[in-house]
Amino acid sequence: MAFKMLGVYLALALGVLTGFLLKRVCKDVDRLKKSLNRFLSINIYVLVALVGLSTGSGIREVLGVLGALFIHRAVVDVALLVAVPMALSLLTAIVVLRLGGRL
Amino acid sequence: MKHIAVIAALFTIGALAGFFSESTAVAGFALNALLYSLIFMIGVIAVLETRSIEVVASSLGLALRLVASTIIGSSLGGAIVGALIEGSLKPHLAVALGMGWYTFTGPFLSITNSYWGLLGFTSNILREAATFIVYPLLAKYFSIEAISIGGATTMDTTLPVIARYGGGEAALIALVHGFILTLLIPILVPLVMELL
């Protein structure tokens, strides 16, 4: 994880430096932004498919360890543990940020 | 709507392929390589879209409030699920406080109990996956608030989706939000397991 985090910060720092450089050098920044956003959109599709692949493989490994006996209970637990904290995080953020007067 | 349908379809196809295929090591390498290149691009786009240092400073304050919201919301969620389901409150709260970081929560909880490890791993990996589909749907109305659903993943895996659908300011806030949560999760999860 520490190696991954280091890689993330390094990639980001290089990106920020490149961004500053491009802002100074490039004349048509809007056109550049448009091209970068288009490239980002395409790559997100690839990223989503790869994340799906790794999720599927992870779930298969976990089921391989515990077997089908726990599936029913695990499905209920997992569904609730994904949906409820996500929903309440969003709700709390809406209350805190909107009532806080920022947005 | 078309984009979200494509994202959902691609994720499902990928998950099925991962579930039924034996070798996914190449995909893991490709995922990391693509992730770093996307984060590099987000750095470039964030600089090109950020108008001034004041915008960055105001984003930091907002990110801190968002972090507090994510922790409170996730804790409440874990506590409610723990109360609803037969069993103790502690593991459900710990799983919910994993906030998307499945590589930490799963192995950490499996030391105590393999079933809790399963919950920690699967729930958090699915939280990350769900963010890919849910964030684009919510971004139009709640581009900043919806960052909280991604938890710790907003500093890496889900950052490209947030940047694409939420814009430059949302990407900056998501990065800080994910970074702070990544520092807090290894403190919060063991604390819950130790104290409760």
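Are there any pairs with C-beta distances below 6 angstrom linking a residue in the stretch B:13-42 that is facing chain A (nearest Cβ under 7 Å) and touching a residue at least 24 places away in the same chain (Cβ under 8 Å) to a residue that is β-branched (Val, Ile, Thr) and surrounded by 16 or more Cβ atoms within 10 Å (Cβ to Cβ), with the two at least 6 apart or on different chains, and if so which?
Once the first residue is facing chain A (nearest Cβ under 7 Å) and touching a residue at least 24 places away in the same chain (Cβ under 8 Å) and sits in the stretch B:13-42, its partners that are β-branched (Val, Ile, Thr) and surrounded by 16 or more Cβ atoms within 10 Å (Cβ to Cβ) give B:Ala15/A:Thr55; B:Ile39/A:Val8.
Criterion first (among the basic types (Lys, Arg) and part of a helix (DSSP H, G or I)) does A:Lys34 satisfy it?
In short, yes.
Hey, does the stretch B:136-144 have a residue that's under 15 Å from the mean Cα position of the chain (by Cα) and closer than 20 Å to B:Leu31 by Cβ?
yes
Return the only residue of B:Leu181, B:Leu159 being touching a Gly at 6+ places or on another chain (Cβ under 8 Å), under 17 Å from A:Leu97 (Cβ atoms) and of a type in the set (A, V, I, L, M, F, W, C).
B:Leu181
Could you identify the single residue in B:Gly78, B:Gly28, B:Gly18 that is at pLDDT 85 or above and assigned to a helix (DSSP H, G or I)?
None of the other options fit; the residue is B:Gly78.
Condition (residue is at the interface with another protein chain (Cβ under 7 Å from one of its Cβ atoms) and farther than 19 Å from B:Gly73 by Cβ) applied to the stretch B:138-156: is it met by at least one residue?
Checked the stretch B:138-156: at least one residue is at the interface with another protein chain (Cβ under 7 Å from one of its Cβ atoms) and farther than 19 Å from B:Gly73 by Cβ.
What residue, among those in the stretch B:33-62 that are surrounded by fewer than 23 Cβ atoms within 10 Å (Cβ to Cβ) and either under 16 Å from the mean Cα position of the chain (by Cα) or of a type in the set (D, E, K, R) (or both), is modelled with the lowest pLDDT?
Out of the qualifying residues, it is B:Arg51.
Do we have B:Arg164 as within 7 Å of chain A (Cβ to nearest Cβ) and touching a His at 6+ places or on another chain (Cβ under 9 Å) here?
Taking the combined requirement at face value, the residue satisfies it.
May I ask you to list the residues in the stretch B:123-149 that are in contact with a Gly (Cβ under 6 Å, 6 or more places away or on another chain) and either part of a helix (DSSP H, G or I) or on the phi > 0 side of the Ramachandran plot (or both)?
B:Asn124, B:Ile125, B:Arg127, B:Glu128, B:Thr131, B:Ala139, listed by residue number.
Name the single residue that is surrounded by the fewest Cβ atoms within 10 Å (Cβ to Cβ) among those in the stretch A:7-58 being charged (D, E, K, R) and either facing chain B (nearest Cβ under 7 Å) or in contact (Cβ under 8 Å) with a residue 60 or more places away in the chain (or both).
Among those residues, the one meeting the criterion is A:Lys23.
Identify, please: which residue in the stretch A:66-103 is within 7 Å of chain B (Cβ to nearest Cβ) and at pLDDT below 85 and is, among those, surrounded by the most Cβ atoms within 10 Å (Cβ to Cβ)?
Once the filter is applied, the top-ranked residue is A:Ala74.
Can B:Thr122 be described as of a type in the set (Val, Ile, Thr) and facing chain A (nearest Cβ under 9 Å)?
yes
May I ask you to list the residues in the stretch B:81-99 that are part of a helix (DSSP H, G or I) and at the interface with another protein chain (Cβ under 9 Å from one of its Cβ atoms)?
Within the stretch B:81-99, B:Val81, B:Leu84, B:His92, B:Val95, B:Ala96 qualify.
Can you spot a residue in the stretch B:106-118 that is surrounded by 17 or more Cβ atoms within 10 Å (Cβ to Cβ), touching a residue at least 60 places away in the same chain (Cβ under 8 Å) and in a helix (DSSP H, G or I)?
Yes, some residue in the stretch B:106-118 is surrounded by 17 or more Cβ atoms within 10 Å (Cβ to Cβ), touching a residue at least 60 places away in the same chain (Cβ under 8 Å) and in a helix (DSSP H, G or I).
The values are calculated or read from the model by the stated rules, or taken from the named source; none is laboratory data. Everything quoted here is computed from the prediction, not taken from an experiment. All Cβ positions, glycine included, derive from the backbone under ideal geometry; neighbour counts span all protein chains shown.
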